[in-house]
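**Student:** Take this structure, written in structure tokens, and hold onto it; I'll ask about it next.
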Amino acid sequence: MSKNEKPQQWHQLPCGDEIQLAVEQQLASWWPRIFGYHLLKLGPLSHQISSLHCNIARHFSIHDGEGASIIADPHHLPLNSGSMDAVLMSFLIEFEQDPYRLLREVDRVMISGGYIFICGFNPVSTAFIGKVMPKYQTKLPWSGQFFMPARVKDWLGLLGYKILQDERFIYHPLIGDINQGAWWQNRIERWLPGIGSVYLIVARKMESPLTPIREKKKARAPQWAPASTAGRTGHSNKLNNPN
């Protein structure tokens with residue numbers, strides 16, 4: 001397996017069918033909540049995700065393989081700026097040399113108020129065991145790079161997105177039968193919910209970047225000094241008491 005090879009089909013990933021189903025279940029509650037004209041499914045795995053119940057009018061995919069609605073390089077999307085209402089990215093950044101560059105290009109085509117959905121593999125999970133075992137290091141998905149969800153959220157924050165959801169699921173190392181060991185998977189999910197092997201981040205593009213606004217300096221009140229009486233107080237008393 002080439003280090004730069006990207007998955008084109010879900011079955012190329014270990015437990016791929018189960019991961020696809022779990023991703024679709026996570027997205028199912030979001031589809032009825034977003035509206036617009038264009039939903040972009042970026043990458044071959046995103047193309048295969050069901051969006052049947054999404055309220056957005058047109059759904060299409062872009063990647064450089066067969067079956068895409070538009071065959072193009074995801075780093076140079078043939079789309080107008082501010083034209084997409086939502087973008088789905090499934091397990092793309094793990095196989096990118098410069099993930100932030102890809103996110104910038106996605107941000108370019110996103111409308112203000114648009115939604116981005118990012119699925120990825122969580123390095124703080126039992127799935128990371130494949131990274132340290134020579135037998136699996138050259139196989140998908142371990143041949144890619146697992147980015148911390150917190151880092152992905154930082155990138156989105158720099159681009160002006162508000163994080164709406166950060167979810168973990170699939171508490172299995174992705175080695176062996178995913179249906180075995182259901183008891184301990186349930187225990188891990190209950191006791192350590194943050195170490196699911198897969199994450200879903202949902203974010204929305206804000207009207208303006210979330211940068212802190214510096215507090216304006218308050219105008220200093222003038223320091224008025226009392227005028228010198230120059231003896232007028234005594235003169236006033238003298239007028240009031242002529243004797």
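**Student:** Tally up the residues in the range 62-79 that are loosely packed, with under 14 Cβ neighbours inside 10 Å and in a strand (DSSP E or B), please.
**Tutor:** Residues in the range 62-79 being loosely packed, with under 14 Cβ neighbours inside 10 Å and in a strand (DSSP E or B): 2 in total.
**Student:** Between residues in the range 28-48 that are in a helix (DSSP H, G or I) and open to solvent by less than 20 Å² (accessible area, probe 1.4 Å) and residues that are small (G, A, S) and at pLDDT below 95, which pairs lie under 6 Å by C-beta distance while being six or more apart or on different chains?
**Tutor:** P44/G65
**Student:** Hey, another quick one. Out of the range 35-66, which residues are under 20 Å from the mean Cα position of the chain (by Cα) and basic (K, R)?
**Tutor:** Result: K41, single match.
**Student:** (1) modelled with pLDDT under 95; (2) acidic (D, E); (3) surrounded by 13 or more Cβ atoms within 10 Å (Cβ to Cβ): which one isn't true of D177, the others all being true?
**Tutor:** For D177, the failing item is (3).
**Student:** Same structure again: Yes or no: the range 96-116 includes at least one residue that is within 21 Å of Q9 (Cβ to Cβ), in contact with a Lys or Arg (Cβ under 8 Å, 6 or more places away or on another chain), of a type in the set (F, W, Y) and modelled with pLDDT of 95 or more. If you could, list the steps in order and put the result at the bottom.
**Tutor:** Quick first cut of the range 96-116, residues within 21 Å of Q9 (Cβ to Cβ) only: 96, 102.
With the extra rule that they be in contact with a Lys or Arg (Cβ under 8 Å, 6 or more places away or on another chain), the set shrinks to none.
Within the range 96-116, none of the residues are within 21 Å of Q9 (Cβ to Cβ), in contact with a Lys or Arg (Cβ under 8 Å, 6 or more places away or on another chain), of a type in the set (F, W, Y) and modelled with pLDDT of 95 or more.
**Student:** Further, regarding this structure: Quick one: count up the residues across the range 180-202 that are loosely packed, with under 14 Cβ neighbours inside 10 Å and not in a helix (DSSP H, G or I). Before you say what the answer is, go through the steps one by one.
**Tutor:** Within the range 180-202, the subset loosely packed, with under 14 Cβ neighbours inside 10 Å is 180, 182-184, 186-187, 190-191, 193-194.
Right, trim to not in a helix (DSSP H, G or I) and you get 180.
Qualifying residue count, the range 180-202: 1.
**Student:** Looking at I111, is it under 25 Å from P32 (Cα atoms) and out of contact with any His (no Cβ under 6 Å at 6 or more places or on another chain)? Step through it out loud before you land on a result.
**Tutor:** Numbers: under 25 Å from P32 (Cα atoms): yes; out of contact with any His (no Cβ under 6 Å at 6 or more places or on another chain): yes.
Yes: the conditions hold for I111.
The values are calculated or read from the model by the stated rules, or taken from the named source; none is laboratory data. Fair warning: this is a prediction, and the values are worked out from it, not measured in the lab. Counting neighbours? That spans all protein chains shown, and the Cβs are built from the backbone with ideal geometry, glycine included. Heads up: the accessible areas ignore ligands, DNA and RNA and are worked out on the full protein's heavy atoms, side chains in. Shrake-Rupley method; radii C 1.70, N 1.55, O 1.52, S 1.80 Å.
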